[in-house]
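Note sheet for the following structure.
Every number here is computed from the coordinates shown, using simple stated rules; none is lab data. Computed from a predicted model, the values in this text were never measured in an experiment. FYI the Cβ positions are ideal-geometry reconstructions off the backbone, even for glycines, and counts take in every protein chain you see.
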Amino acid sequence: MMNKLSILGLVVMGVPSMFASTFAYLNNEAGNQNTEVYQGNTIPISPYGGAVGANQNGTGDTAALLFCDDYSDATYWGTGWQVDVTDIGTASAANPTTDPWQETRFGSANANTAFPTGTSLYEEMAWLFTQATAPGQSALNQDAIGEAVWHMTDPTGTPEATASNTGSNLTYLAWISDAEAYYNKSAAQTPAQFMTVNYNDWYVLTDPAAVGNTGGTGLQEMLAYYTSTTPGQTFGTVSATPEPDSVLLLGTGLLLAGLWGRRRRKPAR
């Protein structure tokens, strides 16, 4: 078993969409982390606690919630690593092709060829993670959403979500279908049970060694949520009081810290 990671990047509006030499830090595992059993392993469910900024150990950096989009690779509790940061909204608006996604793992290639790359893929994953953090969201749906994202980027995984497609709990396949149907729709076009997404508030954090590699190279890639309209927050600074729309996501995940997962090809802890 190996530790894995997801990150919420906090970035001030107006900065470039991609960064180098920024660090992500994953907190130690929280005792109250929701978990699921996936391929025989107990894995904490996104989001996780951490920080993003100028310091590899997270000291003084901006508090972060982290979301795992990469099941094939690994990271470790209580460690920091260098990341490139891509603003999903800016990259999507700049060009619908792969060019703006050159600093990401899945911008130009996806190991699961049944799903897209670049703009569509990252927007669909951000849409899914937004639903996972909705107020009152069930652990079963969080399970299924996490597995939906892993399935979209890794064809070798066997999703095992326990959620049913009865009532408000959906299977991973149902979540994928909903993401494909509504990720690019307005609030008026989206069913009331789903939250709409401002993609300018979502970021991709990628180990530079993993850029363009769909798995097996570099540390785990993460998606990060941050309300870009919140003033006074930049990488390397202490987080200010979040705006109301930040609280919507932060409130459901702030007590969750860290991620413990597995790497199939190397079953070492």
Most packed first (mean Cβ within 10 Å per residue), the peptides 192-204, 32-44, 166-178 order as 192-204, 166-178, 32-44
Residue 83's amide H: which non-local residues (gap 5+, or another chain) put their own amide H closer than 5 Å, with H modeled 1.01 Å from N in plane and none for Pro or chain starts? 21, 22, 23, 24
³J(HN,Hα), Karplus 6.51/-1.76/1.60, whole Hz, each residue of the stretch 173-182, x for Gly, Pro: 5, 5, 5, 4, 4, 5, 4, 4, 7, 10
Hz values of 3J(HN,Hα) by residue in the stretch 35-47 - Karplus curve (6.51, -1.76, 1.60), Gly and Pro given as x: 10, 9, 9, 10, 6, x, 10, 7, 10, x, 9, 4, x
Rounded to two decimal places and with Rh computed the Kirkwood way over Cα pairs, what is Rg over Rh for the stretch 153-213? 1.05
Stick to Cα atoms and the Kirkwood definition of Rh, then tell me Rg/Rh for the stretch 20-133. 0.97
Calculated from backbone phi, Karplus (6.51, -1.76, 1.60) coupling profile of the stretch 192-208 in Hz, x at Gly/Pro: 4, 6, 10, 7, 8, 10, 9, 5, 5, 9, 10, 9, 10, 10, 10, 4, x
Can you tell me the FRET efficiency between residue 93 and residue 56 if r is taken as the Cβ-Cβ distance and R0 is 30 Å, rounded to the nearest 0.05? 0.45
Sorted largest first, the C-alpha extents of the stretch 30-69 along its principal axes in whole angstrom are 37, 21, 13
